[in-house]
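Working notes, structure below.
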Amino acid sequence: MTSATDHEQEREVVQYLPADADNFFSSDKVHTLKVTFRNQYTMNVSANLVSLKNTDTTVRRPAIIIGHPMGAVKEQSSMLYAQKLAEQGFVTLAIDLPFWGESEGQPRNLVAPEHYTEAFSAAVDFLASQPFIAPRRIGVLGICGSGGFAINAAKIDTRLKAIATISLYDMGAVTRHGLNRSKTPQQRNAQLEQAAVQRQKEFDSGEGIFLDYLPGQPDASTDPVTREFWDFYRTSRGIAIPAGQPLERTQNRMLTSEIRFMNFYPFHDIETISPRPLLFIAGDQAHSREFSEDAYRRAGEPRALHWVAGAGHVDLYDRVGLIPWDRLYTFFDTHLNQVDEQ
């Protein structure tokens, strides 16, 4: 194992691949085009536009925006979903959230919920301007934290006609309360104080501190949730790099910006999305299942909650044998294909 300093530390890529994991799936049926578009902050958002090969561009088609897990990039989980849905005839757009991946934004890996939410509406702007997209048949699929950002966007952007989430995470609730409300008020106040002190240090020195949630190597003391994320984000399962090159530092966020999630409430007023449909898909063994349950409980009709038997949170990032593709296809076909464009 090699070593370096700061965010450029190089680490051995350990092989961890469940038999049906296929994050780097590559379809020979689709064409992928890299695109960029401006959001209302005049920042470039980067995305991959995916469609069936030889698609007739004179026909307007439904489109689905795909949002990657929080702290990830579009090549982690999103492109798998983008290609699988494109194989069914949808045009898909897998975006990098601002400050992540190939999208603009400084400093890198900044937590900025308002910018993340805006990225989904900016994606609608882009898609609706394309002559081969049916502008009134645009849906969205948010994975993990992007499920919350997509819901937040849909509350104020009625152009998003069908909203689905995979392994939904409410980044506001987990920051405020911890998983299953395990964070005490004292711990929450200590986190706020730490961020306040660090913010002043950063102003004075110009140097930020990153929160690396994942260890170089897990050990017996590593909790199950951390281990679950490590098995994806720090192994060849979720990262493909040339030998000897630094690993992509996903899942590494700034302390002083992470605290902004304390003020993020994506499920408040979720019922106002109705009558546009919502679908929540989660593993029945997922450590995050509380968020899909909460969102479903609050949502208006039509709504559906689909449990994947035996699946954990990260399993639905890339395990093609567990992901309920037919449920997703049916949802988007019903609410995007089988509707009146007018």
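The values are calculated or read from the model by the stated rules, or taken from the named source; none is laboratory data. In this text, all values refer to a predicted model and were calculated from it rather than measured experimentally. No Cβ is skipped: glycine too gets one built from the backbone with ideal geometry, and neighbour counts run over all protein chains shown.
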Checked region 205-226 for anything modelled with pLDDT under 90 and in a helix (DSSP H, G or I); matches are S205
Enumeration of residues in region 266-310 that are in a helix (DSSP H, G or I), touching a helix residue (DSSP H, G or I) at 6+ places or on another chain (Cβ under 9 Å) and surrounded by fewer than 17 Cβ atoms within 10 Å (Cβ to Cβ): E271, T272, D294, R298
Only one of these conditions is not met by Q106: (1) in a helix (DSSP H, G or I); (2) surrounded by fewer than 24 Cβ atoms within 10 Å (Cβ to Cβ). Which number is it? (1)
For R327, indicate whether it is assigned to a helix (DSSP H, G or I), free of Cβ contacts under 8 Å to residues at least 12 places away in the same chain and surrounded by fewer than 21 Cβ atoms within 10 Å (Cβ to Cβ). no
Only one of L141, L168 is surrounded by 22 or more Cβ atoms within 10 Å (Cβ to Cβ), part of a loop (DSSP other than H, G, I, E, B) and in contact with a Gly (Cβ under 9 Å, 6 or more places away or on another chain). Can you tell me which? L168
For a quick check of your reading of the model, give me the residue pairs whose first member lies in region 233-254 and is at pLDDT 50 or above, whose second is part of a helix (DSSP H, G or I), with beta-carbon atoms closer than 6 Å and at least 6 apart or on different chains. G238/F232; R249/H7; T250/Y233; Q251/Y233
From I163, I239, grab the single residue that is over 26 Å from L305 (Cβ atoms), within 21 Å of the chain's Cα centre (by Cα) and buried (at least 16 other Cβ atoms within 10 Å of the Cβ). I239
Evaluate the following for Y296: is it closer than 22 Å to N23 by Cα and among the hydroxyl-bearing types (S, T, Y)? no
Filter result for D125 (among the charged types (D, E, K, R) and buried (at least 24 other Cβ atoms within 10 Å of the Cβ)): no
State all residues of region 30-60 that are surrounded by fewer than 20 Cβ atoms within 10 Å (Cβ to Cβ), of a type outside the set (V, I, T) and either modelled with pLDDT under 95 or within 19 Å of D333 (Cα to Cα) (or both); if no residue qualifies, say none. L52, N54, D56, R60
For region 311-328, which residues satisfy the criterion of being among the acidic types (D, E) and either closer than 15 Å to C144 by Cα or touching a helix residue (DSSP H, G or I) at 6+ places or on another chain (Cβ under 9 Å) (or both)? D315, D318
If only one of A150, A162 is touching a strand residue (DSSP E or B) at 6+ places or on another chain (Cβ under 8 Å), part of a helix (DSSP H, G or I) and modelled with pLDDT of 95 or more, which one is it? A150
Pick out the one residue from S274, S288, S292 that is in contact (Cβ under 8 Å) with a residue 12 or more places away in the chain and touching a Cys at 6+ places or on another chain (Cβ under 9 Å). S288
